[in-house]
1. Assess whether P166 counts as being buried (at least 23 other Cβ atoms within 10 Å of the Cβ), at pLDDT 95 or above, of a type outside the set (A, V, I, L, M, F, W, C) and more than 28 Å from I70 (Cβ to Cβ).
2. Condition first: at pLDDT below 95, surrounded by fewer than 23 Cβ atoms within 10 Å (Cβ to Cβ) and more than 17 Å from L237 (Cα to Cα). Can you find one or more residues in segment 120-130 that meet it?
3. Would a scan of segment 255-271 turn up a residue that is assigned to a loop (DSSP other than H, G, I, E, B) and touching a strand residue (DSSP E or B) at 6+ places or on another chain (Cβ under 7 Å)?
4. Go over the candidates A79, A39, A47 one by one and state the one that is within 21 Å of K126 (Cβ to Cβ), small (G, A, S) and within 16 Å of the ligand (Cβ to nearest atom).
5. Hey, G274 hits all of (1) within 12 Å of the ligand (Cβ to nearest atom); (2) outside any helix (DSSP H, G or I) but one; which does it fall short on?
6. Quick check: anything in segment 236-259 polar (S, T, N, Q), more than 10 Å from the ligand (Cβ to nearest atom) and out of contact with any Leu (no Cβ under 8 Å at 6 or more places or on another chain)?
7. Pick from segment 23-82 the residues that are part of a strand (DSSP E or B) and of a type in the set (S, T, N, Q): which of them is nearest to N252 (Cα to Cα)?
8. So, in segment 181-199, exactly how many residues are at pLDDT 95 or above and more than 6 Å from the ligand (Cβ to nearest atom)?
Amino acid sequence: PVPLITLNNGVRMPQLGLGVWQAGDADTERAVRFAIDEAGYRHIDTARIYGNEAAVGKAVRESSVPREEIFVTTKLWNADQGDGSTIAAFDASLQRLGLDYVDLYLIHWPLKGSDRFIETWLALEKLLASGRTRAIGVANNKPHHLQTLFEHGSVVPAVNQIELHPHLPQHLTREFDEDHGVVTESWSPLGGSDRQGWGPASKPNTLLGDPLLTGIGAAHGKTAAQVMIRWHIQNGLVVIPKSVHEDRIRQNIDVFDFELTGGEIEQIAGLDNGQRVGKDPDDFV
Ligand code: A2P
C-alpha cells in the first residue's frame, strides 16, 4: 500500500499519485479509471491548463472507489491569478471535475510582481476556509516566493510541487520547504517526456535509459523508472509519475517491495547536473 504523508493541516495525502499532463481526454479517462480500479492508485494530479479536468472527474466519479478515498489535486492557471478571478477559476474547475471539493488546490506558477501572487494566495485561503478544498499550496516556488507568502499570508502552503528528478534534486528548496513544514512534491519525477515541446529546450529523456539507473534496477529486478520512483519515496517526497499505458501505470506503483541501499542513493546523487526540463520559475512574467 502507498504510504500517506500528513500535511501541515493534518490532511493525509498518498505519497504516490498519477500525473496526467499532456494526456488527452480519452487517454486520461482510461488511465485514471485503470489506475484507481485496477492498479490501486488513490491520488490523481491534474490542472486547469492540462485541459483534462472533466475526464479526470468523470473517471473519479465513475470508479468503484468512494470519492473520499481518492485524493484529487488541481491547479490555478496563471491568467486566472487575482482575487475574484481565482475564486471564479476554482468554481469552474470544480464544475468541470463534477466534484463538490478537491483535496488540494495549487497556484501553478509564481508570477513576477508579487502583488497579484499575494492576492491570489489570500483567495486560496478563502477557498480553504470555505471547505471546498481540503488543503492549499503552491507549485514551482523557490524559497523567495514562499518567503513572500509567509510575510503576507496567514496559512503556510501545505505543498510545494516542483520539478524534481535525479538530474535536478533541488536540495535547497527541499530543505527550505522542510524547515517550514511544507511538503515537497516532485513533477516530471522520471525526467519528463520526450515529446516535451515546452521549456527552455525540448530535451529527450535520458534518465529512463540511464545505465546507472538500469543497473541498479537490474540488481532489484526493477526498471529505471521504478528505481527513480523509489528514490523519491525514500527521500520523503510526494511523487506523481505520468503514464497513460496500463503496464507502466501498474509498474510505477509496484515500488513498495524493495529498498534502495545507502550506497545506491549515493550513486544516484552523482546524476545531479542541474538540468531542468521545464521553465525556471523566475522566468515567468
Ligand atoms: P507515457 O504516458 O507514454 O507512458 P514524467 O517524468 O513527467 O512523469 O514523465 C514520464 C514520461 O515517461 C511520460 O512521457 C511517460 O509516457 C513515460 N513513462 C512513464 N512511466 C514509464 C515507465 N515505467 N517506463 C518508461 N516510460 C515511462
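The values are calculated or read from the model by the stated rules, or taken from the named source; none is laboratory data. Computed from a prediction, not measured in an experiment: that's the story for all the values here. Cβ atoms come from the backbone with ideal geometry, glycine included; neighbour counts cover every protein chain shown.
1. It is true that P166 is buried (at least 23 other Cβ atoms within 10 Å of the Cβ), at pLDDT 95 or above, of a type outside the set (A, V, I, L, M, F, W, C) and more than 28 Å from I70 (Cβ to Cβ).
2. No, there is no match, as no residue in segment 120-130 is at pLDDT below 95, surrounded by fewer than 23 Cβ atoms within 10 Å (Cβ to Cβ) and more than 17 Å from L237 (Cα to Cα).
3. Among the residues of segment 255-271, not one is assigned to a loop (DSSP other than H, G, I, E, B) and touching a strand residue (DSSP E or B) at 6+ places or on another chain (Cβ under 7 Å), which makes the answer no.
4. Being within 21 Å of K126 (Cβ to Cβ), small (G, A, S) and within 16 Å of the ligand (Cβ to nearest atom) holds for just one of A79, A39, A47, which is A47.
5. So G274 meets the others, but not (1).
6. Among the residues of segment 236-259, not one is polar (S, T, N, Q), more than 10 Å from the ligand (Cβ to nearest atom) and out of contact with any Leu (no Cβ under 8 Å at 6 or more places or on another chain), which makes the answer no.
7. Here the answer is T73.
8. The qualifying residues number 7.
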